[in-house]
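Q: First the structure, which I've put down as structure tokens, then a few questions once you've had a look.
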Amino acid sequence: SYLVSPCFDASDVTPDLGLRMLHVYETEGCCDEGWIEMSTNGGATWTKVQSGAASQNWYNDTTNAWWGGVSGGWRAAIATLPGSAGQRRLRIRHVFSSDGSAQEDGFGVDDVQLRPLAVDLAVSVRSSVSACGAFEAVITNVGDATATGTELTFRVDGGVPSMRSVSGAIAPGASRVESLGITGTSVE
């Protein structure tokens, strides 16, 4: 069975859109499955949306690229729709395939959003536990896209701003602790 979206005009959108949704499922783990497909030609042809770097909770069976079994409640799932930027006839469909051997509740979908995925970082400063009088910055990615090339700007005791590059990527929901290597009475 299929749940098919209307056509979306993403001709003025860049970069590629992200699909964010809530879903729940209870299926026969061996023989029933669900996945997401997209079409850039109004539904004439369809391509399965694969897991990518920005994906979260995308397919619990990564070998076959689908969800099956029991989700354990409503879950947020996020993935980039590759090739969606600039498309005039974009459609999404939720696919469910089942055999007749067992009957479970199936799939539920809610709060479906198509939008660019965004990095949203929250920063807090705390005194270092290991170095007396030194400060650390705790950087948390509260967005739905991976943060790379992050730069942290801070001031000690109201002085001149300093900038530091944060190495590596910060995945959505993850935090990174950066030692600022400075001492003082306040950091902003």
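Q: Pop a pseudo-label 7 angstrom from the Cα along the beta-carbon direction at both V4 and Q113 and give the gap in nm to one decimal.
A: According to this spin-label approximation, the distance is 2.7 nm.
Q: Let me ask you something else. Would you mind putting 4-13, 143-152 in packing order, based on average other-beta-carbon counts within 10 Å, highest first?
A: Highest to lowest by the protection proxy: 143-152, 4-13.
Q: Here's a follow-up. Over the C-alpha atoms of segment 1-91, what are the Rg and the largest Cα-to-Cα span, Dmax, in Å?
A: Rg, Dmax (Cα atoms, Å): 13.7, 42.
Q: Please list, by residue number, every one of the trypsin sites (Lys or Arg not before Pro) in segment 145-188 that is coil in DSSP and has at most 15 other beta-carbon atoms within 10 Å.
A: R155
Q: Got a sec? Which residues in segment 24-42 would a label at S97 touch, if it sits 7 Å along Cα→Cβ and we count backbone N under 14 Å?
A: 30-37
Q: Please report the carbon-and-sulfur percent of the accessible area for the chain; probe 1.4 Å, protein heavy atoms only, DNA, RNA and ligands left out.
A: 49
Q: Suppose every Lys and Arg Cβ carries +1 and every Asp and Glu Cβ carries -1, with no other charges. What dipole size does the chain come out with about its Cα centre, to the nearest 20 debye?
A: That gives the chain a dipole magnitude of about 620 debye.
Q: Separate question: Averaging over all projection directions, find the projected area of the Cα convex hull of segment 97-180 and quote it in nm² with one decimal place.
A: 10.1
Q: Per residue, how big is the convex hull of segment 77-138 when only Cα atoms are used? Give it in Å³.
A: 220
Q: Now a separate question. Through the Karplus equation 6.51 cos²θ - 1.76 cosθ + 1.60, θ set to phi - 60°, convert the phi angles of segment 98-111 into ³J(HN,Hα) values in whole Hz; use x for Gly and Pro.
A: 8, 9, x, 6, 9, 10, 10, 6, x, 10, x, 9, 8, 6
Q: A further question on this structure: Determine the order of W74, W58, W66 by accessible area, beginning with the largest, at a probe radius of 1.4 Å.
A: W74, W66, W58
Q: Report Rg (one decimal) and Dmax (nearest whole number) for the chain, counting Cα atoms only, units Å.
A: 21.6, 70
Q: Lys and Arg at +1, Asp and Glu at -1: add these up for the other residues within a Cβ distance under 15 Å of L117 and post the number.
A: -1
Q: Provide the solvent-accessible area of E104, counting protein heavy atoms only and rolling a 1.4 Å probe, rounded to the nearest 10 Å².
A: Roughly 90 Å² of E104 is accessible to a 1.4 Å probe.
Q: Across segment 74-84, in residue order, what do the Karplus-derived ³J(HN,Hα) couplings come to in whole Hz, using 6.51 cos²θ - 1.76 cosθ + 1.60 with θ = phi - 60° and x for Gly and Pro?
A: 5, 9, 7, 10, 9, 7, 7, 9, x, x, 7
The values are calculated or read from the model by the stated rules, or taken from the named source; none is laboratory data. Since the model is a prediction, treat every value here as computed from it, not as a measurement. As a convention, Cβ positions derive from the backbone with ideal geometry for all residues, glycine included, and neighbour counts pool all protein chains shown. Keep in mind that these areas ignore ligands, DNA and RNA; they rest on the heavy atoms of the full protein, side chains included. Shrake-Rupley method; radii C 1.70, N 1.55, O 1.52, S 1.80 Å.
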